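One structure is given below, encoded as structure tokens.
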Amino acid sequence: MTLPGPLVGVDWLADHVDDPEVVVADVRWYLDGRSGRAAYDAGHVPGAVFVDVDGDLAVPQPAGTPGGRHPLPTAADFAAAMSRLGIGDASSVVAYDDASGAVAARLWWMLTVTGHDAGVLDGGLAAWPGSLSTEPAALTPAEFSPRPWPPEHMADAASVAKAPLVLDARAAERYRGEAEPVDPRAGHIPGAVSAPFAGNLDPSGRFLSPGDLRQRYEALGADTNETIVSCGSGINACHLALAFAFVGLPPPSLYVGSYSDWVSDPSRPVAR
């Protein structure tokens, strides 16, 4: 089994949701502190496993901590989490959330850069045409081999400071410094360009056409520059990386710590 691409249509998933090689992953998580697990328990795609952003995809830290709020787990810890959830080396994973992929893309990125077959459900949970289930998935542990995080797909503060193009996936008001719900200083990394992840989407919450997306990123210079994508803590920035993969642009590097790492050092300037 191989997924049709980094974005998976709901019709394809409906046809393959029961295939044993396909694992559907519910990756709901909320910046405002609501429980993704409670949302999963209230109703999810039948058979989907719940992936905890804080417990499975990151090692959460308080705001203002070097490394940012959601640094990556060790390769061994990530492998253990995937194995526990029934995701193995041969699995094809379709991730979804209720934010048009803005959270699910984190799992997609982590799997893809370590060589696994993964995609994000276009339109998210709202696009699912069938009934939802409140039954937890029956978990059968699988063999998921630890693989190192590839440095060529990652960026740190030093590389961001001299990068030709840094795209900031946060909402425009956070970029401008008009609002900052989490981190200690409002604003953005000097030189970063505002590219809210919501700009990847049409009014229905599905991704724009490849032509429209390519036009968006070419206008930002992503076709001629090595690009780093950033956000608040390395979650929503993966949505930009997903768009790059969808249209065939060279993969950007992810500033995993993102703005929350940048402002952890008081000597680093911010722009507003």
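The values are calculated or read from the model by the stated rules, or taken from the named source; none is laboratory data. Computed from a predicted structure; not experimentally measured. Glycine gets a Cβ as well: all are built from the backbone with ideal geometry, and neighbour counts include every protein chain shown.
For the stretch 1-15, residues that are in contact (Cβ under 8 Å) with a residue 24 or more places away in the chain, buried (at least 16 other Cβ atoms within 10 Å of the Cβ) and outside any loop (DSSP other than H, G, I, E, B) total 4. Whether a residue is in contact with a Cys (Cβ under 9 Å, 6 or more places away or on another chain), among the aromatic types (F, W, Y) and under 20 Å from P4 (Cβ atoms) was assessed, and W109 passes this test. From the list R34, R28, which one is under 24 Å from L201 (Cβ atoms), surrounded by 23 or more Cβ atoms within 10 Å (Cβ to Cβ), basic (K, R) and not assigned by TED's automatic domain parsing to the domain that holds V247? That would be R28, the only listed residue that is under 24 Å from L201 (Cβ atoms), surrounded by 23 or more Cβ atoms within 10 Å (Cβ to Cβ), basic (K, R) and not assigned by TED's automatic domain parsing to the domain that holds V247. Just a yes or no: is a residue in the stretch 16-35 assigned to a helix (DSSP H, G or I), touching an Asp or Glu at 6+ places or on another chain (Cβ under 9 Å), touching a residue at least 60 places away in the same chain (Cβ under 8 Å) and of a type outside the set (D, E)? No, because not a single residue in the stretch 16-35 is assigned to a helix (DSSP H, G or I), touching an Asp or Glu at 6+ places or on another chain (Cβ under 9 Å), touching a residue at least 60 places away in the same chain (Cβ under 8 Å) and of a type outside the set (D, E). Which condition number in (1) under 16 Å from H153 (Cβ atoms); (2) of a type in the set (A, V, I, L, M); (3) out of contact with any strand residue (DSSP E or B) (no Cβ under 7 Å at 6 or more places or on another chain) is the one that V247 fails? Single failed check for V247: (1). Filtered by the rule that a residue be crowded, with 17+ Cβ neighbours inside 10 Å, of a type in the set (G, A, S) and either modelled with pLDDT under 95 or within 17 Å of the chain's Cα centre (by Cα) (or both), the stretch 46-62 gives a lone residue, A58. For the stretch 134-143, the count of residues that are within 20 Å of V113 (Cβ to Cβ), outside the structural domain of G64 (by TED's automatic domain parsing) and either out of contact with any Leu (no Cβ under 7 Å at 6 or more places or on another chain) or outside any loop (DSSP other than H, G, I, E, B) (or both) is nonzero. In the stretch 137-153, what residues are more than 27 Å from L254 (Cα to Cα) and surrounded by 14 or more Cβ atoms within 10 Å (Cβ to Cβ)? If the condition is that a residue be more than 27 Å from L254 (Cα to Cα) and surrounded by 14 or more Cβ atoms within 10 Å (Cβ to Cβ), then A137, A142 are the ones that fit.
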